[in-house]
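*Asks:* Mind having a look at this structure? Questions to follow.
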Amino acid sequence: MIESLLHASAVWRAGQCAQEAGATLPTGFAALDALLPGGGWPRGALTEVLLARQGIGELSLVMPALARLSSADDWIVWVAPPYVPYPAALAAAGLRLERLVVARPQAADAWWAAEQALRSGASKALLAWLRGADERRLRRLQLAAEGGAAWGVLYRHARAAGERSPAALRLLLEPAAGGLAVHILKRRGGPVSRPLVLALPGVAGC
């Protein structure tokens, strides 16, 4: 019986770095895809991106995937970005601006807005910069992403790296010579011991 269970496609095993076909979105970086379950960003799940300061390439890291989604006429939602997005830089990175919705709600409504964007099924990707994260709020975002089959990205400060999180994928970003060091703190299949250094195109400003 156990042997039959182990061969069932619905059973996940520790150390397994696989995911259903179509459940991921290519990152645009082959070396990163090779380390992520299913070969890309997880759809229907929350990704946490942790960094000590903004402007180190955190948008350039996700821009190829966002450009791919916008080219397919999918909606992309940003909630509470710290700066006004720079349209020329986003367009130069391949993002179709008419498929981007930027919401700047009051702080008390930001978590609700992010959750609704994920849960609605109308948008395929959410980028959010939210304060006051706790496990309950993170769990709600993770469940909303699952319900809406959306890719959720939550930017948080690097000091949250030691905290528990229900996110399917957690990355810690640091500047590196010639690019960006990506530490995979959590993924389906276990963390990666060494950081991956990616060479990024020009940073798309917020």
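We did not get these values from a lab; they are worked out from the coordinates using the rules stated. Small disclaimer: the values here were computed from a predicted structure and weren't measured. Quick reminder, even Gly has a Cβ in these numbers, built from the backbone with ideal geometry, and neighbours come from all protein chains shown.
*Asks:* Within segment 145-167, can you find the residues that are surrounded by fewer than 18 Cβ atoms within 10 Å (Cβ to Cβ) and in a strand (DSSP E or B)?
*Replies:* H157 - this is the single residue of segment 145-167 that is surrounded by fewer than 18 Cβ atoms within 10 Å (Cβ to Cβ) and in a strand (DSSP E or B).
*Asks:* Which one of the conditions (1) in contact (Cβ under 8 Å) with a residue 24 or more places away in the chain; (2) charged (D, E, K, R); (3) surrounded by fewer than 18 Cβ atoms within 10 Å (Cβ to Cβ) does R170 fail to meet, given that it meets all the rest?
*Replies:* Looking at each condition in turn, R170 falls short on (3).
*Asks:* Considering only segment 104-152, state which residues are of a type in the set (K, R) and more than 11 Å from A80 (Cα to Cα).
*Replies:* Passing the criteria: R119, K124, R136, R137, R139, R140.
Residues are listed down the side, and each one gets a yes or a no for (1) more than 20 Å from G44 (Cβ to Cβ); (2) among the small types (G, A, S); (3) in contact with a strand residue (DSSP E or B) (Cβ under 7 Å, 6 or more places away or on another chain):
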position	(1), (2), (3)
R104	yes, no, no
G148	no, yes, no
Y155	no, no, yes
V192	yes, no, yes
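*Asks:* Give the residues of segment 54-68 that are surrounded by fewer than 20 Cβ atoms within 10 Å (Cβ to Cβ) and in contact with a strand residue (DSSP E or B) (Cβ under 9 Å, 6 or more places away or on another chain), sorted by residue number.
*Replies:* Result: Q54, I56, R68.
*Asks:* Could you tell me whether segment 132-144 includes any residue that is among the polar types (S, T, N, Q) and not in a helix (DSSP H, G or I)?
*Replies:* Taking every residue of segment 132-144 in turn, none turns out to be among the polar types (S, T, N, Q) and not in a helix (DSSP H, G or I).
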